[in-house]
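A.B. asks: Sharing a structure below in structure tokens format, with a few things to ask.
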Amino acid sequence: AVLKGRLRSQVSAALKEGQVTPTELCQRCLALIKSTKFLNAYITVAEETALKQAEESEERYKRGQPLGILDGIPIAVKDNFNTAGIETTCASNMLKGYISPYNATVVQKLLDQGAVLLGKTNLDEFAMGSGSTDGVFGPVRNPWSYSKQYKEKSVPKSHSEDEESNWVITGGSSGGSAAAVSSFTCFAALGSDTGGSTRNPAAHCGVVGLKPTYGLISRHGLIPLVNSMDVPGILTRCVDDAAVLLGSLAGHDPKDSTTVQDDFKPFELPNLTDVSQLAIGIPKEYNAPGLSSEILALWSKAADLFKNAGAKVVEVSLPHTCYSIVCYHVLCTAEVASNMARFDGLEYGHRSDKKDSTESMYAATRREGFNDVVRGRILSGNYFLLKQNYEKYFVKAQKVRRLIANDFVEVFRSGVDILLTPTTLSDAAPYTEFIQEDNRTRSAQDDVLTQAANMAGLPAISVPTALSERGLPVGLQFIGRSFQEKQLLTVAKWFEKQVQFPMIQLEEVKRHDDGVFQHQKSASFS
């Protein structure tokens, strides 16, 4: 039961009272990682390191001196954060075997508070994708593919089809982290969010995904994709846990000049009972082409939930939203082209055996090390940055980005507190259907509801809301004002309590690990 508990009120309390030890908790999670290996959520499992950290935590509890709420709590980290002594691959041939000499700031902060690092999670190569299907270690499978809820609703033609082609994607690019949290193999996980890469898989895997305000959490040690939009993301099973992680990670870092100078005070979320003072904005542009009727109905129902509870619900307009995907594509690829230049076979990572000349070694290294998606983005980015194209594409995209950010400023200035939108256009697609389209097309479709928050640097959270007709999770997104995470999370917590999202019933694992997963109240919201 502890495996399903909330960090502050249940798990940390159980550790303090000796109901369970950090070592027992760690061993339980490691056993679950083994029994859910078919999900392909982890690239590296650091079993020895994790057990050693759990033993050290146990000693602190015996002395009555735990380091805080996270002491002894098993966590996972997306494999694009540097970890000293543990391989960091970005799911790419380019970094296979690379071991960083230092920890990313967010990883170090978690370790400093006694968290137990179980391992590194799977992703799209260099975090470029929205399905967690394009990494060199293979696709991540959504735990809900093996849930009782999904299996009862899906009607396969044969048993073999059910097992092999009926499974659905996790979303991406932080799909490994979302699957790890969803399948109970860890209590929380770090992802990264550049255009929705934490919120998208959170929605598809039925977990909470928080993208904090740009600059609130250090990016030092996060291997960059788009420096001006990247944010470390937080994946947990409830909103309260996301607040606990945020309190541990936020604040200034001298190693990252883009972090805020002000001190961050960790907060405990209040139980909101009165929402009558809230103004909830419903952006009409988020009723985007391709939005499923099912998600549109849930979005409408959520708005009614706030309205019936006394909140002011108003339709608002973010007029430049329709340009955001094109703008994002230009800025993203331009920064990717710049960031990927460091992988040349000289300093670290893969180096080709081709030695005809330095230039041929560079070219062969990058051809062998990067997949088609990464190479395609480098090519596009360099095109946009050519002298004759710079003003026409890159500068113009920066101007459009400013207009998109200003849309949010105007809406919040008008008195709106929080924006309520869908997170994804539909529930998770079957893998066989998802790979019919190329990465760029899929990313453009899947990022449409999430990436504007990255362009504006705003905090946003995806909260699991209900199960679709196919028995798969659907999430809704709340977007808040800059650095107003407490208000955003408080509203998200109220909403979470109202919808009572059901807990996953993992049939596949139940056979291996009977008794861990118990039935919980079904969704009253759907």
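A.B. asks: Test each condition in (1) at positive phi; (2) among the small types (G, A, S); (3) open to solvent by 10 Å² or more (accessible area, probe 1.4 Å) for A91 and report the one that comes out false.
C.D. replies: The number of the failed condition is (3).
A.B. asks: I'd like the residue in the stretch 500-526 that is at pLDDT 50 or above and not in a helix (DSSP H, G or I) and, out of all such residues, is nearest to L39 (Cα to Cα).
C.D. replies: Initially, the stretch 500-526 is screened for residues at pLDDT 50 or above, giving 500-511.
Imposing the further condition that a residue be not in a helix (DSSP H, G or I) reduces the set to 500-506, 511.
Details: Q500: 26, F501: 22, P502: 21, M503: 18, I504: 15, Q505: 15, L506: 12, R511: 15 Å.
Checked the stretch 500-526; the qualifying residue nearest to L39 (Cα to Cα) is L506.
A.B. asks: Condition check: of a type in the set (S, T, N, Q), assigned to a helix (DSSP H, G or I) and open to solvent by less than 10 Å² (accessible area, probe 1.4 Å). Does S173 satisfy that?
C.D. replies: In short, no.
A.B. asks: Against the condition in a loop (DSSP other than H, G, I, E, B), polar (S, T, N, Q) and modelled with pLDDT under 95, how does Q445 come out, does it pass? Break it down stepwise before answering.
C.D. replies: On the way: in a loop (DSSP other than H, G, I, E, B): no; polar (S, T, N, Q): yes; modelled with pLDDT under 95: yes.
So Q445 does not fit the description; no.
A.B. asks: Give the stretch 241-267 a look and list any residue that's loosely packed, with under 12 Cβ neighbours inside 10 Å and not polar (S, T, N, Q), or say none.
C.D. replies: Across the stretch 241-267, the qualifying residues are P254, D262, D263, K265.
A.B. asks: Then there's this: What pairs come up if the first residue lies in the stretch 418-443 and is closer than 28 Å to S380 by Cβ, the second is at pLDDT below 95 and of a type in the set (K, R), and their beta carbons are under 7 Å apart, counting only those six or more places apart or on different chains?
C.D. replies: From residues that are closer than 28 Å to S380 by Cβ, the pairs are F434/R442.
A.B. asks: Using the structure shown, decide if A303 is surrounded by fewer than 22 Cβ atoms within 10 Å (Cβ to Cβ), out of contact with any Leu (no Cβ under 8 Å at 6 or more places or on another chain), in a helix (DSSP H, G or I) and of a type in the set (A, V, I, L, M, F, W, C).
C.D. replies: The answer is no for A303.
A.B. asks: One residue is enough: does the stretch 48-55 have a residue meeting the conditions part of a loop (DSSP other than H, G, I, E, B), of a type in the set (A, V, I, L, M) and crowded, with 22+ Cβ neighbours inside 10 Å?
C.D. replies: No; the residues of the stretch 48-55 include none that is part of a loop (DSSP other than H, G, I, E, B), of a type in the set (A, V, I, L, M) and crowded, with 22+ Cβ neighbours inside 10 Å.
A.B. asks: Looking at the stretch 316-328, I want the residues that are closer than 9 Å to V448 by Cβ and have a partner that is assigned to a helix (DSSP H, G or I) and among the acidic types (D, E) with Cβ atoms under 7 Å, at least 6 apart or on another chain. Which pairs are those?
C.D. replies: Taking only residues 6 or more apart or on different chains, the pairs are T321/E285.
A.B. asks: Being in a helix (DSSP H, G or I) and within 26 Å of the chain's Cα centre (by Cα) is the filter here, so list the residues in the stretch 344-399 that pass it.
C.D. replies: G369, D372, V373, V374, R375, G376, R377, I378, S380, G381, A397, Q398, listed by residue number.
A.B. asks: Across the stretch 1-30, which residue is farthest from S182 (Cα to Cα) among those that are assigned to a helix (DSSP H, G or I) and among the hydroxyl-bearing types (S, T, Y)?
C.D. replies: As a first pass, look at the stretch 1-30 and keep what is assigned to a helix (DSSP H, G or I): 2-4, 7-17, 22-30.
Next, from what is left, pick out any that are among the hydroxyl-bearing types (S, T, Y): 9, 12, 23.
Values: S9: 20, S12: 19, T23: 21 Å.
Looking at residues that are assigned to a helix (DSSP H, G or I) and among the hydroxyl-bearing types (S, T, Y), I get T23.
A.B. asks: Right, next: Which residues, counting only those in the stretch 94-119, are over 18 Å from the mean Cα position of the chain (by Cα), surrounded by 17 or more Cβ atoms within 10 Å (Cβ to Cβ) and within 20 Å of M340 (Cβ to Cβ)?
C.D. replies: M94, L95, S100
A.B. asks: Look through the stretch 280-290, keep the residues that are surrounded by 18 or more Cβ atoms within 10 Å (Cβ to Cβ) and not hydroxyl-bearing (S, T, Y), and return whichever of them is farthest from I418 (Cα to Cα).
C.D. replies: E285
A.B. asks: From the list A31, A84, which residue is of a type in the set (G, A, S), at pLDDT 95 or above and in contact with a helix residue (DSSP H, G or I) (Cβ under 9 Å, 6 or more places away or on another chain)?
C.D. replies: A84
A.B. asks: What are the pairs, 6+ residues apart or on separate chains, where a residue within the stretch 276-296 that is touching a residue at least 24 places away in the same chain (Cβ under 8 Å) has its Cβ under 7 Å from a residue that is open to solvent by 30 Å² or more (accessible area, probe 1.4 Å) and in a helix (DSSP H, G or I)?
C.D. replies: E285/C322; G290/Q445
A.B. asks: Within the stretch 491-499, can one find any residue that is out of contact with any Cys (no Cβ under 7 Å at 6 or more places or on another chain), at pLDDT 95 or above, open to solvent by 40 Å² or more (accessible area, probe 1.4 Å) and of a type in the set (V, I, T)? Break it down stepwise before answering.
C.D. replies: From the stretch 491-499, those out of contact with any Cys (no Cβ under 7 Å at 6 or more places or on another chain) are 491-495, 497-499; that's our starting set.
Remaining after also requiring at pLDDT 95 or above: 491-495, 497-499.
With open to solvent by 40 Å² or more (accessible area, probe 1.4 Å) added as a condition, the list becomes 497-498.
Applying the additional criterion that residues be of a type in the set (V, I, T) yields none.
No, there is no match, as no residue in the stretch 491-499 is out of contact with any Cys (no Cβ under 7 Å at 6 or more places or on another chain), at pLDDT 95 or above, open to solvent by 40 Å² or more (accessible area, probe 1.4 Å) and of a type in the set (V, I, T).
A.B. asks: Given the criteria of a type outside the set (D, E, K, R), open to solvent by 10 Å² or more (accessible area, probe 1.4 Å) and under 25 Å from K148 (Cα atoms), does L472 qualify?
C.D. replies: no
A.B. asks: If you check V314 against the conditions, is it touching a Gly at 6+ places or on another chain (Cβ under 7 Å), open to solvent by 40 Å² or more (accessible area, probe 1.4 Å) and of a type in the set (A, V, I, L, M)?
C.D. replies: Yes: the conditions hold for V314.
A.B. asks: So L403 fits all but one of (1) out of contact with any His (no Cβ under 8 Å at 6 or more places or on another chain); (2) modelled with pLDDT of 95 or more; (3) not charged (D, E, K, R); what number is the exception?
C.D. replies: All conditions are met except number (1).
A.B. asks: Taking the criterion of being touching a strand residue (DSSP E or B) at 6+ places or on another chain (Cβ under 9 Å) and part of a helix (DSSP H, G or I), would at least one residue in the stretch 84-93 satisfy it?
C.D. replies: Within the stretch 84-93 (the criterion being touching a strand residue (DSSP E or B) at 6+ places or on another chain (Cβ under 9 Å) and part of a helix (DSSP H, G or I)), the answer is no, since none of the residues qualifies.
A.B. asks: Which of the residues that make up the stretch 403-425 are out of contact with any Leu (no Cβ under 8 Å at 6 or more places or on another chain), assigned to a loop (DSSP other than H, G, I, E, B) and open to solvent by less than 50 Å² (accessible area, probe 1.4 Å)?
C.D. replies: If the condition is that a residue be out of contact with any Leu (no Cβ under 8 Å at 6 or more places or on another chain), assigned to a loop (DSSP other than H, G, I, E, B) and open to solvent by less than 50 Å² (accessible area, probe 1.4 Å), then G415, V416 are the ones that fit.
A.B. asks: Determine whether T44 is in a helix (DSSP H, G or I), open to solvent by 10 Å² or more (accessible area, probe 1.4 Å) and among the β-branched types (V, I, T).
C.D. replies: Taking the combined requirement at face value, the residue does not satisfy it.
A.B. asks: Would you check which residues across the stretch 317-327 are open to solvent by less than 20 Å² (accessible area, probe 1.4 Å) and at pLDDT 95 or above and list them?
C.D. replies: L318, C327 - these are the residues of the stretch 317-327 that are open to solvent by less than 20 Å² (accessible area, probe 1.4 Å) and at pLDDT 95 or above.
The values are calculated or read from the model by the stated rules, or taken from the named source; none is laboratory data. Everything quoted here is computed from the prediction, not taken from an experiment. Note that we place each Cβ from the backbone using ideal geometry, even for glycine, and neighbour counts take in every protein chain shown. Accessible surface is based on the protein model in full, side chains and every heavy atom, while ligands, DNA and RNA are left aside. Shrake-Rupley method; radii C 1.70, N 1.55, O 1.52, S 1.80 Å.
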